[in-house]
1. Quick test of your reading of the structure: residue 91 fulfils all but one of (1) open to solvent by 70 Å² or more (accessible area, probe 1.4 Å); (2) within 22 Å of residue 380 (Cβ to Cβ); (3) not in a loop (DSSP other than H, G, I, E, B). Name the failing condition by number.
2. List pairs: first residue in region 269-283 and of a type outside the set (Gly, Ala, Ser), second residue part of a loop (DSSP other than H, G, I, E, B) and at pLDDT 95 or above anywhere in the structure, Cβ distance under 6 angstrom, at least six positions apart or on different chains.
3. Out of all the residues in region 386-423, which are of a type in the set (Phe, Trp, Tyr) and either loosely packed, with under 14 Cβ neighbours inside 10 Å or closer than 22 Å to residue 97 by Cα (or both)?
4. Does residue 254 qualify as being surrounded by fewer than 20 Cβ atoms within 10 Å (Cβ to Cβ), under 30 Å from residue 368 (Cα atoms) and without any contact (Cβ under 8 Å) to a residue 12 or more places away in the chain?
5. Return the residues of region 226-240 that are of a type in the set (S, T, N, Q) and in contact with a Leu (Cβ under 7 Å, 6 or more places away or on another chain); say none if nothing qualifies.
6. Which of the helices (runs of 4 or more DSSP H) found entirely inside region 263-360 contain at least 2 residues meeting this: among the polar types (S, T, N, Q) and at pLDDT 95 or above?
7. Restricting attention to region 333-344, report how many residues are open to solvent by 30 Å² or more (accessible area, probe 1.4 Å) and either among the hydrophobic types (A, V, I, L, M, F, W, C) or more than 24 Å from residue 408 (Cα to Cα) (or both).
8. Considering only residues that are open to solvent by 30 Å² or more (accessible area, probe 1.4 Å), out of contact with any Ser or Thr (no Cβ under 8 Å at 6 or more places or on another chain) and in contact (Cβ under 8 Å) with a residue 40 or more places away in the chain, which ones fall in region 213-251?
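The values are calculated or read from the model by the stated rules, or taken from the named source; none is laboratory data. Predicted model only: the values in this text are computed from it and were never measured. Cβ atoms come from the backbone with ideal geometry, glycine included; neighbour counts cover every protein chain shown. Surface accessibility is based on the protein's heavy atoms, side chains included, excluding ligands, DNA and RNA. Shrake-Rupley method; radii C 1.70, N 1.55, O 1.52, S 1.80 Å.
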Amino acid sequence: MAISMHDEKSITIVGAGLVGSLLSIFLARRGYKIKLYERRADMRKNQVQAGRSINLALSDRGLLALQQVGLAEEIKGISIPMHGRYIHHIDGSTAFQPYGKEGQYINSVSRATLNIKLINVAEAHGVEIFFNHKCSSIDWNKNEIKFDVTSDSLNLKPQTSNFKFLFAADGAFSAVRLQHQLQHDKFDYQQYYIDCGYKELTIPATAAGDFAMRTNALHIWPRKNYMLIALPNLDKTFTCTLFFPFEGPLSFSNLDAEQKVRTFFEETFPDAVPLMPNYVQEFFDNPTSSLVTVKCFPWIREEKFALIGDAAHAIVPFFGQGMNCGFEDCRILDELIEKYDGDWSVILNEYQTLRKPDADAIADLAVANFTEMREKTADPKFLLQKKIEGILHEKYPDKWIPAYSLVTFSPHVRYSEALKKGQWQENIMQHVMQTPGIEEMWNDDALHESIIQKIK
């Protein structure tokens, strides 16, 4: 017999990060009693370690999920709109590339600030949160999960908790997913790392207490095989992230002395160096972190377990969709609970059927966008192509929607559909860009009409 929300109201969630916290809010609003476990200490009481998280780009998919629980406007109030990419060329020149149509933007938000807000809202909805609880094992026959517990760095006696239903929202290296994987006879798992890692740096506010660069933009220093980006913060600083190869002549492993770092930055990011007084110290103090993509299947186990967020589908950050995708998981799941009146056997199967292809699609799109950001944003022909696509979108908004807009500003378009449409449009544009004299005729009405006629 299927478990219904009418006869079973207790749910356990492991992972009180962004997705786990938001999921707990969605479920608590539907009357479920939620226990939320987190391996880390309460971030509201402990200083968040610097240099380990990339600033977040909250876009329409994430906002739609937040809107469903009444938090969208409040979260926008702790965010900074970014209307486009601000490109810094190596010769010192700059260029602004709007993200979409006028009025469309993404939002820079602090991971820690957003997470704390969601934890507070979850507690206000009656969610019971247990910090310093690290999942060590699961007995799927008894529906028992065991936690190693710490307090002030002291190891306490492990605790065992029974669960009726369990969500794994504990991130890319999910301990719960591992227990699911190890005790499943047909579990597909793939993880792969890109050849670049990342390191965080800082552009502080000016002496006058203002932003040191244009505020409402995502700044990019594209350098073909690597790049530096910067996102604005509410305290007038910018969080910078250097995406850089691990190995090779120009790599993290090679920049092993202060003078090497200074020479590299002064030659490669000359306009950024005067704005970053502590970049050398931060380069050596902040960790070098890796970037992983995780694909797996199945996400569910009977009627009692599901993976969600990064635990189901970790992706690299180059489309700014990791958090947005996880938030969309929560929204879709909530809609399925409503649709099927809490019948989890139906809900979970449809959740997995809907979200798995979309998660795979955005994972592939994110890797591809890394190439675009670090290599193509400084390429004149690529920029001309984007200019043509922008005009097509303005003139034929229902027929031509750039892939970026499909992903970022079209929250009701599935990621898998965005990938398919984007690939079709890219094939068309590759042929168009081979047209003799395209540099002169790019704004010709006849050219635009001929492109639109190729749309299926």
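1. (3)
2. If the second residue must be part of a loop (DSSP other than H, G, I, E, B) and at pLDDT 95 or above, the pairs left are 275/212.
3. Result: 396, 400, 404, 409.
4. Against the criterion (surrounded by fewer than 20 Cβ atoms within 10 Å (Cβ to Cβ), under 30 Å from residue 368 (Cα atoms) and without any contact (Cβ under 8 Å) to a residue 12 or more places away in the chain), residue 254 qualifies.
5. If the condition is that a residue be of a type in the set (S, T, N, Q) and in contact with a Leu (Cβ under 7 Å, 6 or more places away or on another chain), then 239 is the only one that fits.
6. none
7. 5
8. Those that are open to solvent by 30 Å² or more (accessible area, probe 1.4 Å), out of contact with any Ser or Thr (no Cβ under 8 Å at 6 or more places or on another chain) and in contact (Cβ under 8 Å) with a residue 40 or more places away in the chain: 214, 215, 216, 224, 225.
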